[in-house]
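The values are calculated or read from the model by the stated rules, or taken from the named source; none is laboratory data. Since this is a predicted model, take the numbers as computed values, not measurements. Backbone-built Cβ (ideal geometry, glycine too); neighbour counts: all protein chains shown.
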Amino acid sequence: MPTFVRQRSVIFVVLIASVTIGIVLRFVNLDTMIYWGDEVYSSIRIFGYTTQEIYQTVAHGQPIPATVLQQFQQVGRHHNLGDTIRTLAIEDAHITPLYFLVARLWAMLFGSSISSIRSLSALFGVALLPAVYWLGIELFKQRRIALCSTALVAIAPVQLLYAQEARMYELWVLLIVITGATLLRAIRRPSWRSWGGFSLMLSASLYSHFLAAIPLAGYGLYTVVLHYRNRPILKRFLLSSTIGILSFCPWIWVFLMRQVVEQEDGTQKPFSLIEAVKNWFSLFRRLFIDVNTTVSGSSLIAAIALVVISGFCLAIVDLAIYRLRQETPMAVWLFIGLLIFGLPMSLFGESLHGVLPSRYLLPSYVGLQLAIGYLIGSRLTHNNAVRRWIWSSSLVALVTIGLISCASNVQANTWWNKGFSECNPATAAIINQSPRPLVISDGTGGPFFDHGLSNIISLARLVKPTTQFQVTLEPNYLDLDQGNFSDRFIFTPSDNLRQWLVSQYGKNMSPVLKLTHPYRGSDICLWRLSDAGFALANDAAATNSRRDAVPSHPQSPN
């Protein structure tokens, strides 16, 4: 008995320490990771700028300093909270406004620096932990299981990753979890106050992300299946849900009235079964281990270790789902099952093209962590000492793997989720070595969203303020014979710009940096234009000019 009590105390300390470390890690090195293109657009929307405004200011083909690009990442003198809503309604109606309004108010209080903007997501990430604990209590009625689930969320690498990103996803998963907890509480202790709280949280969830509709529909299915004979509960649920949905109708109207423009983002891939399997494997592996590498990109020993650890983690997931179904009442396993599988099943088609981002599965991850929390937490008090030791060791192993991944993450300046901005830190380091650099690039020209332009602004945050940028949407009108620059760099050019530069400068364009994944039709993210190539192009242009300037001889009269 003393050994059993001592073991329980050690496990309790491990769980509390995991939660505490997870909270601290969410605020560590908030400004270290690259502020990538999607986060740049978050700031653009938060501060009420439109893509067309940015085009008019920067995409005219004339050299401008980095500070001009950076001005769209801070509060503007002539842009207010209303502009935040207006620009979303005009250019991004498919994105709901709650996060951006809260972030605008946050920036007014704490500033627009990277740390300030990201700290809001970190705060949502911290709030997620007590929300998960509350949901665990509502489901399992055991603090030990709820605490296990909370600890797993706290040290999950994928949860930490999005808790340090200036996007809406951490607010979204927080509200989904709170909405689920308020629903269970309203069913357990029905009162108009409880159902009013559920209605309010349902509305907030919808305003946090359109994808909230999927887990919320799962909550509805759960309530109808379990309580279709309990008319008072069913009536209150339907009334509360109707009020919550009606409150979201204004933004539904904005969405339906939006101007639809087809844009190619360059991320769609052809169908590949192998890629789809690899995608799903990576999606669930990152719930436990994420060292920003793949099996194919690792050494043999590292690849074997990654496969073994991933296999252990996936085995835990499979066993957790199986035991949850076998050992818990329908009121528990149905709720968690719908939370786990609702989003993956709805978005399965996207994964077949290898483009399903892990951020869309954050609520599913919480469902898995609740299932694993039950599997381990319910066995920490097993009468058999050997089994108790096995499950205690499994918990310690999962916590250790998660903490190693999290520690690696918070020290890095880029990660797999930074997409097309992954090479920006290395690019900036090269550009900053030049005394008078010129960075040449172009936007996609998209009327509402321009990932090329957002990536340029992301780079502008990293280079010296005096670095000059020459940005265009029409490469044929790009005049490079301006200014006295020590180096001319070409940054992630489009196919059109790259072809135009090759036609003008030929072999004098040399690749400098490669991407892990191709972007804008190339795996090269940085090129250098040599002075020789620039001189040759200028000589050719001058020769053509002189030839055009020779007057033609007048014809002799007959």
* To do: Only helices (runs of 4 or more DSSP H) wholly contained in segment 14-111 count here; list those with 1 or more residues that are at pLDDT 95 or above, under 24 Å from VAL158 (Cα atoms) and not aromatic (Phe, Trp, Tyr).
  => 37-46, 98-110
* GLY452 vs. criteria touching a residue at least 60 places away in the same chain (Cβ under 8 Å), surrounded by fewer than 23 Cβ atoms within 10 Å (Cβ to Cβ) and among the small types (Gly, Ala, Ser) -> no
* How about segment 370-401: which of its residues are in a loop (DSSP other than H, G, I, E, B) and polar (S, T, N, Q)? -> SER378, THR381, ASN383, ASN384
* Test ALA407 against the criterion of being on the phi < 0 side of the Ramachandran plot, assigned by TED's automatic domain parsing to the domain that holds GLY125, under 20 Å from the mean Cα position of the chain (by Cα) and touching a residue at least 24 places away in the same chain (Cβ under 8 Å), and give yes or no. => yes
* Asked: For LEU128, are the conditions met, namely being within 22 Å of the chain's Cα centre (by Cα), hydrophobic (A, V, I, L, M, F, W, C) and either more than 25 Å from GLN73 (Cβ to Cβ) or at pLDDT below 95 (or both)?
  -> yes
* Looking only at segment 9-43, which residues are among the polar types (S, T, N, Q) and under 17 Å from GLY125 (Cβ atoms)? -> SER18, THR20, ASN29, THR32, SER42
* Give me the pairs, please: first residue somewhere in segment 318-342 and over 13 Å from LEU226 (Cα atoms) and touching a residue at least 24 places away in the same chain (Cβ under 8 Å), second residue anywhere and assigned to a helix (DSSP H, G or I) and polar (S, T, N, Q), beta-carbon distance under 6 Å, and either six or more positions apart or on two chains. => ILE340/SER364
* Of the residues that sit in segment 488-526 and are in contact (Cβ under 8 Å) with a residue 60 or more places away in the chain, hydroxyl-bearing (Ser, Thr, Tyr) and part of a strand (DSSP E or B), which one is surrounded by the fewest Cβ atoms within 10 Å (Cβ to Cβ)? -> THR516
* Asked: For THR182, are the conditions met, namely being closer than 25 Å to PHE248 by Cβ, polar (S, T, N, Q), touching a Phe, Trp or Tyr at 6+ places or on another chain (Cβ under 9 Å) and at pLDDT 95 or above?
  -> yes
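For segment 358-396, how many residues meet the condition of being more than 18 Å from ARG8 (Cβ to Cβ) and at pLDDT below 90?
Final tally of qualifying residues: 1.
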* Being among the aliphatic types (A, V, I, L, M), surrounded by 14 or more Cβ atoms within 10 Å (Cβ to Cβ) and within 21 Å of GLU275 (Cα to Cα) is the filter here, so list the residues in segment 311-352 that pass it. => LEU314, LEU343, LEU347, LEU352
* To do: Could you please tell me which pairs satisfy a Cβ distance under 7 Å, a separation of 6+ or placement on different chains, a first residue in segment 173-201 that is surrounded by fewer than 19 Cβ atoms within 10 Å (Cβ to Cβ), and a second residue that is at pLDDT 95 or above and not in a helix (DSSP H, G or I)?
  => none
* Could you list, in sequence order, the residues of segment 351-403 that are free of Cβ contacts under 8 Å to residues at least 40 places away in the same chain and aliphatic (A, V, I, L, M)? -> VAL386, ILE390
* Asked: Tell me, which helices (runs of 4 or more DSSP H) wholly within segment 135-197 include 1 or more residues that are in contact with a Gly (Cβ under 9 Å, 6 or more places away or on another chain) and under 17 Å from ALA331 (Cβ atoms)?
  -> 143-154, 169-188
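A quick yes/no check of all residues on (1) surrounded by fewer than 15 Cβ atoms within 10 Å (Cβ to Cβ); (2) among the small types (Gly, Ala, Ser); (3) more than 20 Å from VAL317 (Cα to Cα):
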position: THR381; (1), (2), (3): yes, no, yes
position: VAL386; (1), (2), (3): yes, no, yes
position: ILE390; (1), (2), (3): yes, no, no
position: VAL396; (1), (2), (3): yes, no, no
position: ILE404; (1), (2), (3): no, no, no
position: THR414; (1), (2), (3): no, no, yes
position: ALA428; (1), (2), (3): no, yes, yes
position: ILE431; (1), (2), (3): no, no, yes
* To do: Run SER434 past the list (1) in a loop (DSSP other than H, G, I, E, B); (2) within 16 Å of the chain's Cα centre (by Cα); (3) not β-branched (Val, Ile, Thr) and report the number of the one that doesn't hold.
  => (2)
* Asked: Can you tell me which residues in segment 110-128 are more than 16 Å from LEU30 (Cβ to Cβ) and surrounded by fewer than 21 Cβ atoms within 10 Å (Cβ to Cβ)?
  -> ALA127
* Would you please name the residue that is surrounded by the most Cβ atoms within 10 Å (Cβ to Cβ), looking only at residues in segment 467-481 that are out of contact with any Pro (no Cβ under 6 Å at 6 or more places or on another chain) and part of a loop (DSSP other than H, G, I, E, B)? => LEU473
